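Readers should treat all values here as calculations from the given coordinates under stated rules, not as data from a laboratory. What you see is a predicted model; the values in this text were computed from it and never measured. A quick note on method: Cβ atoms are made from the backbone with ideal geometry, for glycine too, and the neighbour counts reach across all protein chains shown.
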Amino acid sequence: MKRTWLVCVTAVIGLWNGTSEGAESDSPSPGALGLFETHGDIGPVKLPGEATFDPATGRYTIRGGGANLWGAEDAFHLVWTRLQGDFTLTAEIRWLTPGGHPHRKAVLMLRQDTRPAAQYVDAAVHGDGLISLQFRDEAGGPTREIQSPVRAPRRLRLDRFGHMVWMSVAGPDGLWRPAGGGHWMAFDDPVLVGLGVCAHDDARLEAAEFSAVTLTRHAPRPEARLVLYSTLEIINVTSGNRRVVRDAPEHFEAPNWSRDGGTLLINRAGRLYRVPVSGGALEPLDTGFAVRCNNDHGYSPDGTQLAISDQSQGDGRSRIYVLAATGGTPRLMTEAGPSYWHGWSPDGSTLAYCAERHGEYDIYTLPVSGGPERRLTTAPGLDDGPDYSPDGQWIYFNSERTGRMQIWRMRPDGTGQEQVTHDEGNNWFPHPSPDGRWIVFLSYAPDVKGHPANQPVRLRLLPVAGGPPRELARLFGGQGTLNVPSWSPDGGELALVSYRLVPEQP
């Protein structure tokens, strides 16, 4: 039986910044456009769009033109109403015009305003059946997407709860299922909520029918319990676009990418599981007695061994073990605990890890063949997250020795320690890319202490050749998102886990 993870709403209600204030609990009253107030073209279109509502059937027919709903500006036709607070929007979507561009889009949308470059999030059905959650974080910024493994569902749903927006689908059985993770984005109420169509071809109109449409505004539910959903994703480091591998109402975390590029390794309820990169069922990995594995694990450079951090033995403190990558009996590496693995040297001979000794957390290394551990950092304050550069010349780590958690690096013998990032973020878990071009790391807000779960965070890329870091993604996560190395073997993609807290269904 699956375990559903529930969190009391009082623990996180402060994150929502009162977006439900003044919301209504009932659906809008039908008018000339049913549940919506008005319609119009957004952005420059060659052929004006149109929208009609049939009160007898409850169906909306929208004809939209426009070159694209993407990039820094949009051009499409939108039917909308203004509202504030939390809501659920659902519809069945059917294309009425044959052919057309494979990237034409029929969408359920949340949008800040009618400007072509406005912030938005939408659940989009493409002409070729692709389903994705699209979003523009900032006005005039790029549009990115999270591609769903589901294609051409019967019904589509868009939910807003506080700053979190997510997408679900329903099949012939009518049951709603997660379909692509969620996105964390702050809007200023009121917002536009509605239905839209883009032709992706400015020389023609495309028609879509939206039926069984519901728009429910949710009143605040302080007593509600929240269900935790985990989403295993792959993000392209060039485009920033993401695709979902696994999405479920359970807790899992910390993906590693296999050296052959075919599978991802995650931990779930103290056990390790493999899942194909293309998606599919979880396959448990035999770790023998180690059944309380935490989220610090990873493959050796040649892919034949696996380092794990487990706390199932003795005093219950985390210790590091090594076993065959295919599973088996773990071999103890660190006699003392707690110890948390984080990196292999490129030649596979040495482990780097964070450990607490005599009240101080520092960076240590240890030969895989056995021997005494070596302490590399001695500065007061937490040092954590060591990972080797692919040429073996540096160990990158995060340190709070300056009063704020920042990225540092040092030589493998501990010499030459130098600060790498100098900004207002609390920066954690640096991981050099296999091609040596990038350092990826996780950034919390300045006022966040430690690396807690369920926080708005940013994934950032620092060019090794020099220059400021750039933002790769914004998401809801933190602990479990990027604790361990998760680069694809070619350095073009990253695996990560995002999270969302959604109200338990009444």
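Looking across segment 276-286, just one residue is under 17 Å from the mean Cα position of the chain (by Cα) and hydrophobic (A, V, I, L, M, F, W, C), and that is VAL277.
Rundown of residues vs (1) part of a loop (DSSP other than H, G, I, E, B); (2) among the small types (Gly, Ala, Ser); (3) within 26 Å of TYR444 (Cβ to Cβ), yes/no style:
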residue: GLU335; (1), (2), (3): yes, no, no
residue: TYR340; (1), (2), (3): no, no, yes
residue: GLY370; (1), (2), (3): yes, yes, no
residue: ASP391; (1), (2), (3): yes, no, no
residue: THR402; (1), (2), (3): yes, no, yes
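Are any residues in segment 356-387 hydroxyl-bearing (Ser, Thr, Tyr) and closer than 17 Å to TRP408 by Cβ, and if so, which ones? Listed by number, the residues that qualify are TYR361, TYR364, THR365, THR377, THR378.
Somewhere in segment 497-505, is a residue aliphatic (A, V, I, L, M) and surrounded by 22 or more Cβ atoms within 10 Å (Cβ to Cβ)?
The first filter runs over segment 497-505 and keeps only residues aliphatic (A, V, I, L, M), leaving 497, 501-502.
Cutting the leftovers down to surrounded by 22 or more Cβ atoms within 10 Å (Cβ to Cβ) gives us 497, 501.
Taking every residue of segment 497-505 in turn, at least one turns out to be aliphatic (A, V, I, L, M) and surrounded by 22 or more Cβ atoms within 10 Å (Cβ to Cβ).
Being buried (at least 19 other Cβ atoms within 10 Å of the Cβ) and over 19 Å from the mean Cα position of the chain (by Cα) is true of PHE87.
Is one or more of the residues making up segment 352-371 surrounded by fewer than 17 Cβ atoms within 10 Å (Cβ to Cβ) and touching a Pro at 6+ places or on another chain (Cβ under 8 Å)? Yes: one or more hits. Selection of segment 251-269 for residues being more than 15 Å from GLN479 (Cβ to Cβ) and out of contact with any His (no Cβ under 9 Å at 6 or more places or on another chain) yields TRP257, SER258, ARG259, ASP260, GLY261, GLY262, THR263, LEU264. Would you be able to say whether some residue in segment 195-206 is surrounded by fewer than 21 Cβ atoms within 10 Å (Cβ to Cβ), touching a His at 6+ places or on another chain (Cβ under 8 Å) and of a type in the set (D, E, K, R)? Within segment 195-206, one or more residues are surrounded by fewer than 21 Cβ atoms within 10 Å (Cβ to Cβ), touching a His at 6+ places or on another chain (Cβ under 8 Å) and of a type in the set (D, E, K, R).
Exactly one residue out of GLY240, GLY141, GLY162 is closer than 20 Å to GLY71 by Cα, in contact with an Asp or Glu (Cβ under 9 Å, 6 or more places away or on another chain) and of a type outside the set (Phe, Trp, Tyr), and it is GLY240. Can you pull out the residues in segment 221-233 that are among the β-branched types (Val, Ile, Thr) and buried (at least 23 other Cβ atoms within 10 Å of the Cβ)? THR231 - this is the single residue of segment 221-233 that is among the β-branched types (Val, Ile, Thr) and buried (at least 23 other Cβ atoms within 10 Å of the Cβ). For segment 41-78, the set of residues classified as surrounded by fewer than 19 Cβ atoms within 10 Å (Cβ to Cβ) and within 18 Å of ALA203 (Cα to Cα) consists of PRO44, LYS46, LEU47, PRO48, GLU50, listed by residue number.
Only residues that are of a type outside the set (Gly, Ala, Ser), in a loop (DSSP other than H, G, I, E, B) and touching a strand residue (DSSP E or B) at 6+ places or on another chain (Cβ under 6 Å) were counted in segment 115-136, giving 2.
Would you point out which residue out of LEU264, LEU192 is touching a Phe, Trp or Tyr at 6+ places or on another chain (Cβ under 9 Å), of a type in the set (A, V, I, L, M) and within 19 Å of ASN295 (Cα to Cα)? Outline the logic, then answer.
Numbers: LEU192 fails: within 19 Å of ASN295 (Cα to Cα).
The unique qualifying residue is LEU264.
Of the candidates PRO468, PRO489, the single residue that is in contact with a Pro (Cβ under 7 Å, 6 or more places away or on another chain) and surrounded by fewer than 20 Cβ atoms within 10 Å (Cβ to Cβ) is PRO489.
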